[in-house]
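To start, the structure under review is shown below, and the notes come after it.
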Amino acid sequence: MNNSTISVNWEWTNNSLSMAGKRDWIALCDDEDGINSHRKWNYVTDAVRQDKVEFTSPLKYGLFCVKYFRDKEVVSRSMTFSVGPNIQLSAVFNETDHTQSRHILVTVDPFNPVDISTSWIGMYKEKATPKQFHKFQSLSGTSKLTLRFPVPKSGVWEFRLFPDSGYTKAAQCSVSVPGKNSLSLVHNGEKSFVDYDIQTLDPANDNVWIGIFFEDYTDRNRYRRYTKIASASGKFEFKTPIHPGSYIACLYSGTDFVLKSNSIPGGI
């Protein structure tokens, strides 16, 4: 392959395929499954018994492969190859002061001589579709660039680089972000406090809330106090319940129980 031409060579290894028929064709495809992923194709026939085909390189950068079809069935496939520069994408989770500024550093290197005026990097949950990005950032013209992505919660995050305004992916990497939740309840006379640090949930998207319950509660709707959580860590104050008994704080994501705290006495 050079900058404008992709040469495809093959060797017959199966006698049943050695006599190409009118149903045989070879195609340049996006690196994905499906018969409709091909961009360009040529018939392979008995009259044209070639073992080599050339395709003009696509104008878009990305990952491609070549597939040999018999009718609609793929009988052989090349390795994946890239059109355009060999883009290296790497991601590192920064654990410094992670409870306040958890973030991932994503580095692109090298990136010349490509015009990156329309290039961007998307942050995805693992196995999300191309349009389901959590956040994205555009790139500016430089040979080496590092971008900072805030981490909404722990888990595996993927970063995908797109060299144009569409979804033709040219590079991808992933990073695993560790994390756990903590919840503590402090009794201080007429006032009590909840200290929380939430790392496995995203308060902006996961409907996070904390309720104060009797310790032996069985219904999440029977909370004594309740507050929505807007930040990953913090502290809030509430009036200590006046009814005797033991109380706990419980962390929820919507209707899903996540964590409970230590218990404190009520009845002041």
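The values are calculated or read from the model by the stated rules, or taken from the named source; none is laboratory data. It should be emphasised that the depicted structure is a prediction, and the values quoted were computed from it without experimental measurement. Cβ atoms come from the backbone with ideal geometry, glycine included; neighbour counts cover every protein chain shown.
I'd like the full set of residues that are surrounded by 20 or more Cβ atoms within 10 Å (Cβ to Cβ), touching a residue at least 60 places away in the same chain (Cβ under 8 Å) and assigned to a strand (DSSP E or B), limited to the range 161-175. Leu161, Ala171, listed by residue number. Of the residues making up the range 201-217, just one is polar (S, T, N, Q) and either at pLDDT below 95 or not assigned by TED's automatic domain parsing to the domain that holds Phe257 (or both), namely Asn205. Against the list (1) aliphatic (A, V, I, L, M); (2) modelled with pLDDT under 65; (3) surrounded by 11 or more Cβ atoms within 10 Å (Cβ to Cβ), the condition Val8 fails is (2).
Name every residue in the range 176-188 that is surrounded by 14 or more Cβ atoms within 10 Å (Cβ to Cβ) and within 28 Å of Lys131 (Cβ to Cβ), in order of residue number. Within the range 176-188, Val177, Gly179 qualify.
Please determine, by comparing only the residues of the range 128-160 that are assigned to a loop (DSSP other than H, G, I, E, B) and at pLDDT below 90, which one is nearest to the chain's Cα centre (by Cα). Taking the candidates together, the pick is Leu139. Scoring Asp206 on the criteria (1) within 35 Å of the chain's Cα centre (by Cα); (2) acidic (Asp, Glu); (3) more than 21 Å from Ser101 (Cα to Cα) leaves a single failure, condition (3). Taking Phe257 as the residue in question, decide whether it is aromatic (Phe, Trp, Tyr) and more than 26 Å from the chain's Cα centre (by Cα). Here the answer is no, as Phe257 does not meet what is asked. Close contacts from the range 229-252, counting a first residue that is over 17 Å from Gly179 (Cβ atoms) and a second that is assigned to a loop (DSSP other than H, G, I, E, B) and aromatic (Phe, Trp, Tyr), with Cβ to Cβ under 9 Å and a gap of 6+ residues or different chains, come to Ile248/Tyr217; Cys250/Tyr217; Cys250/Tyr223. Just to be sure before I move on: is Gly179 modelled with pLDDT under 95, within 30 Å of Val108 (Cα to Cα), in contact with a helix residue (DSSP H, G or I) (Cβ under 9 Å, 6 or more places away or on another chain) and not in a strand (DSSP E or B) in the structure I sent? Here the answer is yes, as Gly179 does meet what is asked.
As a summary of the residue check, Ile242 satisfies the conditions (1) farther than 19 Å from Glu190 by Cβ; (2) out of contact with any strand residue (DSSP E or B) (no Cβ under 9 Å at 6 or more places or on another chain) except for the one numbered (1).
Residues in the range 190-221 that are surrounded by 15 or more Cβ atoms within 10 Å (Cβ to Cβ) and of a type in the set (Val, Ile, Thr) were compared, and the one that is farthest from His134 (Cα to Cα) is Ile212.
Determine whether the range 236-244 contains at least one residue that is touching a Ser or Thr at 6+ places or on another chain (Cβ under 8 Å), crowded, with 16+ Cβ neighbours inside 10 Å, of a type in the set (A, V, I, L, M, F, W, C) and not assigned by TED's automatic domain parsing to the domain that holds Leu139. Checking the range 236-244: at least one residue is touching a Ser or Thr at 6+ places or on another chain (Cβ under 8 Å), crowded, with 16+ Cβ neighbours inside 10 Å, of a type in the set (A, V, I, L, M, F, W, C) and not assigned by TED's automatic domain parsing to the domain that holds Leu139. Please tell me if Asn262 is touching a residue at least 40 places away in the same chain (Cβ under 8 Å) and either at positive phi or among the polar types (S, T, N, Q) (or both). The answer is yes for Asn262.
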